[in-house]
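First comes the structure, then the notes that go with it.
Computed from the coordinates by the stated procedures, all read-outs in this text should not be read as laboratory data. Here the structure is a predicted model, which means the values were calculated and not measured. As a convention, Cβ positions derive from the backbone with ideal geometry for all residues, glycine included, and neighbour counts pool all protein chains shown.
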Amino acid sequence: MRITQATLEHLDLLTPLFVKYREFYGALAYPDSSRAFLEKRLRRKESVIYLALGDDGKLMGFCQLYPSFSSLSLKRVWILNDIYVAEDARRQLVADNLIRTAKKMAKETNAVRMRVSTSSDNEVAQKTYESIGFREDSEFKNYVLPISDE
């Protein structure tokens, strides 16, 4: 397995797995919109995407991180917003390798921390995050304010 940072040249490889990720969380597929979304993030350098590629060049998984900042620590924070492993690549430490690469990048950019969220019933993801060193936040309670067309 090889981990590489995605570029615009990887869009055709990445988009189908990104669509599966969206469907996993109950979103509609929208392959064209999904591709356009990824293209904008990469073109504008608004996210960092890592790909896990098998020896055969097949995409095994990906993760996408967004930059943020901490006013209290006066440092960068990386949000591990998306991570997904293809069904036929599970139980091969793909997520672990992606997260370790993301952690290395966070250290290289002098980030104070990485943040991740997952659905409360996704125990597999929770165990993976905890095994790598993520801790459940007990200091701050997170809230969401939906912004919709009312």
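A few notes on this one:
- For the stretch 1-134, share of DSSP beta bridges that run antiparallel, in % to the nearest 5: 85 percent
- In order through the stretch 70-81: 3J(HN,Hα) via Karplus (6.51 cos²θ - 1.76 cosθ + 1.60), integer Hz, x for Gly, Pro: 10, 5, 6, 9, 6, 9, 6, 10, 10, 9, 7, 7
- Each peptide in 116-126, 82-92 gets a packing score, the mean of other Cβ atoms within 10 Å over its residues, and the list from highest to lowest is 82-92, 116-126.
- Label-to-label distance, nm, for residues given as Glu46 and Met105 (7 Å Cα→Cβ offset): 1.6 nm
- CD proxy at 222 nm, helix term only [per DSSP H run n ≥ 4: -39500 (n - 2.57); per residue of the chain; nearest 500]: -11000 deg cm²/dmol
- At 0.890 mPa s and 25 °C, Stokes D of the stretch 2-132 from Kirkwood alpha-carbon radius, µm² per second: 161 µm²/s
- Computed from backbone phi, the HN-Hα couplings of the stretch 56-61 come to 8, x, 6, 6, 8, x Hz, rounded to whole numbers (Karplus: 6.51 cos²θ - 1.76 cosθ + 1.60, θ = phi - 60°; Gly and Pro given as x).
- Computed FRET value (nearest 0.05) for Glu130 with Phe69, which takes r as the C-beta separation and R₀ as 30 Å: 0.75
- Couplings for the stretch 109-122, taken from phi via the Karplus curve 6.51 cos²θ - 1.76 cosθ + 1.60 with θ = phi - 60°, read 9, 6, 6, 7, 6, 10, 10, 8, 10, 8, 5, 5, 9, 8 Hz in order; Gly and Pro are left as x.
- Among Ile49, Ile132, Ile79: highest mean-square fluctuation, GNM of the chain, C-alpha pairs under 10 Å: Ile132
- Extension gain (nm, one decimal) between Gln5 and Val77, 0.36 nm per residue minus Cα-Cα: 24.1 nm
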